[in-house]
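A short worksheet on the structure shown next.
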Amino acid sequence: MGRLKHFFNITDCRTALLPDSKLDEAKALVESCRAGSVPPGTTVEQLYYAKKLYDSAFHPDTGDRMNLIGRMSFQVPGGMAITGFMLQFYRTVPAVVFWQWVNQSFNALVNYTNRNAASPITSKQIGVAYITATSTALATAVGLNLYTKKAPPLVARWVPFAAVAAANCVNIPMMRQQEILNGIAVTDENGNKLGHSKRAAVKGITQVVVSRITMAAPGMIILPIIMERMEKYKFMQRITFLHGPIQVMMVGVFLVFMVPAACSLFPQRCSMAVSNLEPELRDSIVSQYGDSVKQVYFNKGL
């Protein structure tokens with residue numbers, strides 16, 4: 001519940017509307033508080049609000065301000081528009097191709113923005129990851145779209161979710177491949193660096209994939225059922241031009257709750273038992289610290 005409240009704060013889409021100057025002020029206040037120098041007259045409410053803005057806009061590894069579209073606070077407005085139109089325009093191949101491409105472009109930017117920033121990735125690797133994930137989504141969507149031509153209408157409406165789920169299984173690992181290839185930094189509970197672990201990277205990225213699919217699932221599975229039934233009513237048949245906007249708004253309702261809920265499934269500061277690390281890293285930690293370090297910690301990203 002603590003994580004859920006935290007992510008309701010940092011995924012609040014209202015923070016995405018604030019100017020950079022306001023965010024920088026929040027960062028300065030948070031950093032001064034951490035240094036033990038709180039400006040006179042600062043209230044507890046101001047500190048909490050500054051921390052909310054800081055967590056929503058600045059990367060936990062680097063402290064740099066993240067690009068607007070890649071922030072989790074932009075997931076609701078960005079995701080509701082793209083998902084709503086994916087669910088509405090699923091009947092023709094050109095529409096499927098276009099909206100899956102838009103969605104994967106958006107996802108690639110979000111994945112890059114919320115990666116573990118301690119593991120650098122080159123422009124070439126970003127390009128390969130983007131092309132691979134987009135191709136996977138398009139192949140899945142177009143293939144299933146053609147396969148379900150004779151299937152019940154509801155089955156065809158679920159094609160976008162299948163494509164999104166398949167692409168997430170490719171997009172996130174590919175965009176964060178350096179973490180899998182070279183490992184991510186792991187620390188003790190006090191933040192002291194102990195080494196790099198590939199197994200920790202795999203665990204963190206797997207949890208992110210599960211979270212992202214969970215985030216999309218209710219809206220993309222339940223909403224098609226609702227629309228399938230609603231479209232049978234005569235009043236809905238008279239306002240077909242509003243079906244797209246209606247779906248966009250309904251997706252937004254789902255995402256307002258599902259973005260923080262999915263993000264809170266696992267701790268962002270992930271942990272792993274020393275005994276489950278690679279043998280060489282485990283032996284190195286044991287030789288230096290003995291049995292005093294039983295868990296290592298790392299940022300799994302979002």
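The values are calculated or read from the model by the stated rules, or taken from the named source; none is laboratory data. Values in this document were obtained by computation on a predicted structure and should not be read as measured data. Note that each Cβ is placed from the backbone with ideal geometry, even for glycine, and that neighbours are counted across all protein chains shown. When the accessible area is computed, the model is the full protein with side chains, heavy atoms only, and any ligands, DNA or RNA have been set aside. Shrake-Rupley method; radii C 1.70, N 1.55, O 1.52, S 1.80 Å.
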Length gained if R65 through E45 is fully extended, taking 0.36 nm per residue and subtracting the Cα-Cα distance, is 5.0 nm
Probe 1.4 Å, all chains present, heavy atoms only: E231 accessible area in Å², nearest 10, is 40
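Estimate the FRET efficiency between E231 and M1 by the formula 1/(1 + (r/R0)^6), using the beta-carbon distance for r and 30 Å for R0, to the nearest 0.05. Spell out each step's value before the answer.
Numbers: r = 38 Å, r/R0 = 1.26.
The calculated FRET efficiency here is 0.20.
Given K150/K234; K124/K193; K5/K52, which pairs have Cα atoms separated by over 19 Å? Let's see the in-between values first.
Working: K150/K234 25 Å; K124/K193 29 Å; K5/K52 11 Å.
Among K150/K234; K124/K193; K5/K52, the Cα-Cα distance tops 19 Å for K150/K234; K124/K193.
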Residue by residue through region 58-66, the couplings from Karplus 6.51 cos²θ - 1.76 cosθ + 1.60 with θ = phi - 60°, in Hz, x for Gly and Pro, are 10, 6, x, 8, 9, x, 7, 5, 7
Protection proxy (average C-beta count within 10 Å per residue), highest first, orders 156-167, 255-266 as 156-167, 255-266
Under a 1.4 Å probe, counting only protein heavy atoms, Y233 has an accessible area in Å², nearest 10, of 130
Expressed in nanometres to one decimal, the distance between label points 7 Å along Cα→Cβ at L181 and K294 is 3.7
Per principal axis, largest first, the Cα atoms of the chain extend in Å by 69, 52, 35
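Can you give me the accessible area per residue for the chain, using a 1.4 Å probe, in Å²? It would help to have the intermediate numbers written out before the result.
On the way: 14810 Å² over 302 residues.
Spelled out: the 1.4 Å probe surface of the chain, per residue, equals 49 Å².
Thinking of region 3-68 as a set of Cα atoms, what percent of all their pairs are more than 15 Å apart?
The answer is 50 percent, as a whole percent.
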With -39,500 (n - 2.57) per DSSP H segment of 4 or more residues and division by the full residue count of the chain, the 222 nm estimate, nearest 500 deg cm²/dmol, is -21000 deg cm²/dmol
Normalised Cα Rg of region 1-142, dividing by 2.2 N^0.38 Å with N its residue count, works out at 1.28
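Let me check I've understood the local charge: for V286, count other residues with C-beta under 12 angstrom from its C-beta, Lys and Arg +1, Asp and Glu -1. What total comes out? Intermediate values should be presented prior to the final figure.
Details: positive: R282, K294; negative: E280, D283, D291.
Local net charge: -1.
Give the residue list of trypsin sites (Lys or Arg not before Pro) in region 197-302 that are DSSP loop and have at most 10 other beta-carbon atoms within 10 angstrom.
Numbers: sites: K198, R199, K203, R212, R229, K232, K234, R238, R269, R282, K294, K300; in loops: K232, R238, K294, K300.
Loop-located and lightly packed - K232, R238.
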Total charge of the residues flanking I121 in space, meaning their Cβ is under 10 Å from its Cβ, with Lys and Arg +1 and Asp and Glu -1, is +2
For K300, counting only aspartates and glutamates whose alpha-carbon sits under 20 Å away and dropping same-chain residues fewer than eight positions off, the answer is D55, D61, D64, E179, D188, E189, E278
Carbon and sulfur atoms account, in whole percent of the 1.4 Å probe accessible area of the chain, for 64
GNM on the chain, Cα springs under 10 Å; top mean-square fluctuation among T113, T214, T92 goes to T92
Expressed in angstrom, Rg and Dmax over the Cα atoms of region 129-282 are 20.3, 68
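Using Cα pairs closer than 8 Å and at least 6 residues apart in sequence, work out the relative contact order for the chain, in percent.
Numbers: 425 pairs, mean separation 62.6, N = 302.
Here the relative contact order equals 21 percent.
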